[in-house]
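**Q** This is the structure, below, for whatever I ask next.
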Amino acid sequence: MDINATLIGQMITFALFIWFTMQFVWPPLEKILKARQEKIAEGLQAAERGHKELEISQKYAIQHIHEARAKAIESIEQAKRQAAHIIEQAKLEAVHEREKIITQGMQEIEQASTHARLQLQREVVNLAIASAEKLIGRALTPEDQKNLLEKEIFRN
């Protein structure tokens, strides 16, 4: 192979091209590559922080879910106890009301019985007076009726 002027010219041109590239093109490219590396490293660090924060958030969420579940169970139990208490109170009130109604009914029965007894006594007295009038043959005066009535009442 012959070394001629074309090859020497190409070598000089190539050497100038390399020198030019190393002086003016390579430093900005290195800066761009270095900045890109830093961005990538920051992105990886941010992703790692994101993963750690996600783990912490998941643990926090699970903890809150457990706490909420425990509070819900406690609220349900409290509601059940309160419902049982309300039912017990209603039963006690119903028993009290029943007792009151029974007592009131007994009083009404006693009053009706007393009223019926007095009515019956009056009728018996009236019958006795009518019988006595027939036997005696004359009408009794109001004073005689009062005396008979008092004797009959005190006898019972």
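The values are calculated or read from the model by the stated rules, or taken from the named source; none is laboratory data. Just so we're clear, the structure is a prediction, and the values are computed from it rather than from any experiment. All Cβ positions, even for glycine, are placed from backbone atoms using ideal geometry, and neighbour counts span all protein chains on display. To get the accessible areas, we keep the full protein, side chains included, count just its heavy atoms, and leave off ligands, DNA and RNA. Shrake-Rupley method; radii C 1.70, N 1.55, O 1.52, S 1.80 Å.
**Q** HN-Hα J couplings of the stretch 30-46 from phi, Karplus 6.51/-1.76/1.60, θ = phi - 60°, integer Hz, Gly and Pro as x?
**A** 3J(HN,Hα) across the stretch 30-46, in whole Hz: 4, 4, 4, 5, 5, 4, 5, 4, 5, 4, 5, 4, 5, x, 5, 5, 5.
**Q** Here's a follow-up. Let's test the formula: R0 of 41 Å, r as the Cβ-Cβ distance of Leu149 and Glu97. What FRET efficiency results, to the nearest 0.05?
**A** On the way: r = 43 Å, r/R0 = 1.04.
Rounded to the nearest 0.05, the efficiency is 0.45.
**Q** Taking the Cα centre of the stretch 1-121 as origin and charging only Cβ (+1 Lys, Arg; -1 Asp, Glu), how large is the dipole, in debye to the nearest 20?
**A** On the way: 15 positive and 16 negative charges, 23 e Å.
That gives the stretch 1-121 a dipole magnitude of about 100 debye.
**Q** Something else now. How many percent of the accessible area of the stretch 53-156 is carbon or sulfur, using a 1.4 Å probe?
**A** Details: 5600 of 9420 Å².
Taking all protein chains in place, the stretch 53-156 shows 60 percent carbon and sulfur surface.
**Q** Would you compute, from DSSP H runs of 4+ residues alone, the mean residue ellipticity of the chain at 222 nm, taking -39500 (n - 2.57) per run and dividing by the full residue count, rounded to the nearest 500? It would help to have the intermediate numbers written out before the result.
**A** Details: 3 runs with 141 residues, N = 156.
Rounded to the nearest 500, it is -33500 deg cm²/dmol.
**Q** Largest first and to the nearest Å, give the Cα extent of the stretch 61-156 along each principal axis.
**A** 110, 17, 17
**Q** What is the diffusion coefficient of the stretch 21-88 in µm²/s, taking the Kirkwood radius over Cα pairs and the Stokes-Einstein relation at 10 °C with a viscosity of 1.306 mPa s? Before the final figure, lay out the partial values.
**A** Numbers: Rh = 17.1 Å.
Stokes-Einstein gives a translational diffusion coefficient of 93 µm²/s.
**Q** If I model a spin label at Ile12 and Gln78 as a point 7 Å from the Cα along the Cα→Cβ vector, what separation in nanometres do I get?
**A** Between Ile12 and Gln78, the simple spin-label model gives 9.7 nm.
**Q** Each residue of the stretch 121-130 in turn: what ³J(HN,Hα) in whole Hz from Karplus with 6.51, -1.76, 1.60 and θ = phi - 60°, glycine and Pro shown as x?
**A** 4, 4, 5, 4, 5, 4, 5, 5, 5, 5
**Q** Whole-Hz ³J(HN,Hα) for each residue in the stretch 69-84, computed from phi via Karplus 6.51 cos²θ - 1.76 cosθ + 1.60 with θ = phi - 60°, x for glycine and proline: what do you get?
**A** So the J values, rounded to whole Hz, are 4, 5, 5, 5, 5, 4, 5, 5, 4, 5, 5, 5, 4, 5, 4, 4.
**Q** Give me the accessible area per residue for the chain, probe 1.4 Å, as a whole number in Å².
**A** Working: 14390 Å² over 156 residues.
Per residue, the chain has an accessible area of 92 Å².
**Q** Round to the nearest 10 and give me the degree value, 0 to 90, for the angle of helix 5-20's Cα axis relative to the longest principal axis of the chain.
**A** Value to nearest ten degrees: 40.
**Q** Right, next: Calculate the radius of gyration of the Cα atoms of the stretch 1-135 to one decimal place, then report Dmax, the largest Cα-Cα distance, as a whole number, both in Å.
**A** 55.7, 184
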